[in-house]
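Data block below; observations after.
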């Protein structure tokens, strides 16, 4: 505890780091405040049914968690930052097929700025589709027509759509400002804060459920917390696990009037066990909307197969839903790793810098070797990721945990929280080490500056 307090004191001593942390906290506070401001023209007293549906877990619970409760509040930030995430994914995937986007990806900083501008415009387009869909769907989600004090005419819809689009763009701006002026990745922090905001309420519901009557009591709550911490440790291992590939560099030295090659220092190429992060889960989650939708339309609508699709794939805790979900995650993990880990470019860069993997010829053989290693380590990584993703359904079935609280036992929510927390701690750690202090991830005495 003494070392931890000393580390916090060191963080506060660094003026630049202190300023960045305060900026980050201030902008996150603005985002959380906006999540509580309800759209004008909607009676807040009649949103209870919408809140109760999102509190019970399921798909609506996931959407509400990602927006920090803004979805259930019908607030300015009801769409959250997810349209921007969707636009980023679309631009990234389009970069595989559109030469213009491929060219921008190779142009460095100027190309990155152009891609960001394209992503922003695409975000607005997605919001213009999602905003009216959200407003019209409120009725089917339990919000009565009387809650719309101005009705659902154009005099309400047009301003409401503009506010929702502006809310998403403002949230995107907050995220970019946190990245530039604060600490950590701003967009990821907004998502993480939104997820954490729904955690206390979910835990309270689980606590009340266990302590009311004879439903396990405090002992079962303690067991659940222990299992939760074990799952968090497993997620940390998944996020940080790497396979180190040894690399030898040749060093040229002059000796006796001629040059000769000698072995230089040995370094490593770190290949991550889970190089794709949470993107396979996000892709798979998007695809999982399709079966239930197919069961409601077309020739399958009134058939037994259509009813089965609607029943099985509308329940995120069901057996078939999670089997298909896990298989899609494994497939998308391989797909996303293949497009984000450029083994050919890594091999070319290694060859140009005079490096080589011992026992492997530079060039194509090195690229093939790296690709083989990535394929081997991606299999356990993808299976582990799929297991973490379906863990909420497992704990609901085996332990009877409340659906809202079970979402924090795995899936996208927990992986995002772990990944963002590690990334932010590493940035703080770098500031501390640059000022010759011990970091958050290492204990000991302050480092001395050697003159």
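Bear in mind that the values in this text are calculations on the coordinates, not laboratory data. Keep in mind the model is a prediction, meaning the values are calculated, not measured. Neighbour counts run over all protein chains shown; Cβ positions are idealised from the backbone, glycine included.
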So, in nm, how far is label residue 204 from label residue 236 when the simple model puts each one 7 Å beyond its Cα toward the Cβ? 2.8
Given a Förster radius of 56 Å and the C-beta distance between residue 113 and residue 287 as r, what FRET efficiency does 1/(1 + (r/R0)^6) yield to the nearest 0.05? 0.95
Give me the base-10 log of I(q)/I(0) for the range 22-174 at each q in 0.11, 0.12, 0.13 Å⁻¹, Debye formula, one uniform scatterer per Cα, rounded to two decimals. -0.49, -0.57, -0.65
Could you please tell me the mean projected area of the C-alpha convex hull for the range 332-395, averaged over all directions and given in square nanometres to one decimal? 5.1
Residue exposure sequence - 228, 12 - by fewest surrounding Cβ within 10 Å: 12, 228
Kindly provide the helix-only [θ] at 222 nm of the chain, computed as the sum of -39,500 (n - 2.57) over DSSP H runs of four or more divided by all residues, to the nearest 500 deg cm²/dmol? -22500 deg cm²/dmol
Cut-off is 10 Å between beta-carbons; in what order do 32, 18 appear when sorted fewest neighbours first? 18, 32
Given N residues in the chain, what is its alpha carbon radius of gyration divided by 2.2 N^0.38 Å? 1.12
Nearest 0.05, what FRET efficiency do residue 52 and residue 8 give at R0 = 35 Å with Cβ-Cβ as r? 0.30
Please report the spacing between the Cα centers of the range 175-212 and the range 267-337 in Å, no decimals. 24
Testing the spin-label approximation: label points 7 Å from Cα along Cα→Cβ at residue 23 and residue 334. State their distance in nm. 4.4
The value for the range 240-393 (convex hull of the alpha-carbon atoms, volume per residue, Å³) is 113
Could you let me know the centre-to-centre spacing of the range 342-377 and the range 220-237, using Cα atoms, in angstrom? 38
Please state the relative contact order of the range 2-198 as a whole percent: Cα pairs under 8 Å, 6+ residues apart? 32
Take the Cα of residue 319, step 7 Å along the line toward its Cβ, and report every residue of the range 277-312 whose backbone nitrogen sits under 14 Å from that point. 312
